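What follows is a set of notes on a single structure, which appears directly below.
The values are calculated or read from the model by the stated rules, or taken from the named source; none is laboratory data. What you see is a predicted model, and the numbers here were worked out from it, not measured in a lab. With ideal geometry, Cβ positions are generated from the backbone for all residues, glycine too; neighbour counts draw on all protein chains shown. Accessible surface areas use protein heavy atoms only, side chains included; no ligands, DNA or RNA. Shrake-Rupley method; radii C 1.70, N 1.55, O 1.52, S 1.80 Å.
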Amino acid sequence: MKCLIIDDDVDFSNRMAKYVNIFLSKKFNKYEIKIQNDHFTDMSIYYGLDLLFIDIDLNNTSGIGIIHQLDKLKCDYPIIYVSSRKELVFSSLSTHPFYFVRKQNLDTDIQELFKLLDIYYKKTMKLITFNYYGRKTSIFLKDIHYIESYGKDISIITNNEIYTYRSGLKQALDLFDSKFIVRVHRNYAVSLMYVKEIDKNNIILNDEIVLPIGKKYSEVLLNLYKEYLIS
């Protein structure tokens, strides 16, 4: 778990880090919190993160502008805006932030944020372990985009790698045991976390991959997706 706090106010970012440290220590055995108080436009600092706090109004830099660039790079971790300017909450919505923390209401806003993050991590940070070329391999549920079945093998397509091994699709879904990985076709299952759009015959993922929907799976898929969106 890697968390980054972006803020030009050193004192506030240190205060924020103390809150975040308490929360993450209850959720993860291993985690890292970094604070960045300058060089905000170096995009390399935003790679490989699991959680980002960013001030909207940085020195000569727009936090919202940075997040627009991250959207182009398909970064998919929770982004929390932080600002003392409450009027900026509306302009921040264009980048679909996870939450907006008001600096002057930090004590109360941060507790509400942690409640939502707790729900999010229960959905996404489940660790899946399976046999891959004779060794135990683990991946986070949140990293799975979709699963493809062909013959007696399946391929698990993740953010950075494709894992192909001997298994049936039903066996894999039983192993994952998650209502967020849903079978949509006899040869495919998808993660609801990566669904961009569903039409009558196809499901479109965030990376624009289009997969077919089998008629027998359509109704269950739509019901589970609605449940996912409101949970």
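Using the Cα centre of the chain as origin and beta-carbon charges of +1 (Lys, Arg) and -1 (Asp, Glu), tell me which of 132, 59, 204 is placed farthest towards the positive end of the dipole. The one lying farthest along the dipole's positive direction is 132. Taking 0.36 nm per residue of sequence separation and removing the Cα-Cα distance, the residue 28/residue 163 pair yields an extension gain of 46.1 nm. Solvent exposure of segment 1-64 amounts to 53 Å² per residue of accessible area, where only protein heavy atoms count and the probe is 1.4 Å.
Counting only DSSP beta bridges whose two residues both lie in the chain, roughly 65 percent are antiparallel. Working from label points 7 Å from Cα in the Cα-to-Cβ sense, the residue 186 to residue 140 distance is 3.6 nm.
Annotation: extensible slack from residue 177 through residue 215 equals 11.4 nm (criterion: 0.36 nm per residue apart, minus Cα-Cα distance). In this structure, residue 39 and residue 222 have a Cβ-Cβ separation that, at R0 = 45 Å, corresponds to a calculated FRET efficiency of about 0.50.
Expressed as a whole percent, the accessible surface of the chain that belongs to carbon and sulfur atoms is 50, based on a 1.4 Å probe.
Here the extension length gained between residue 14 and residue 68 equals 16.9 nm, from 0.36 nm per residue of separation less the Cα-Cα distance. About its Cα centre, the dipole of the chain is roughly 1160 debye, where the only charges are +1 on Lys and Arg Cβ and -1 on Asp and Glu Cβ.
For the chain, the longest principal axis of the C-alpha atoms and the axis of helix 106-124 are separated by about 10°.
Remark: segment 96-231 carries 57 Å² of accessible area per residue (probe radius 1.4 Å; ligands, DNA and RNA excluded).
At a Förster radius of 35 Å, what calculated FRET efficiency corresponds to the Cβ-Cβ distance of residue 152 and residue 127, to the nearest 0.05? For R0 = 35 Å, the calculated efficiency reads 0.85.
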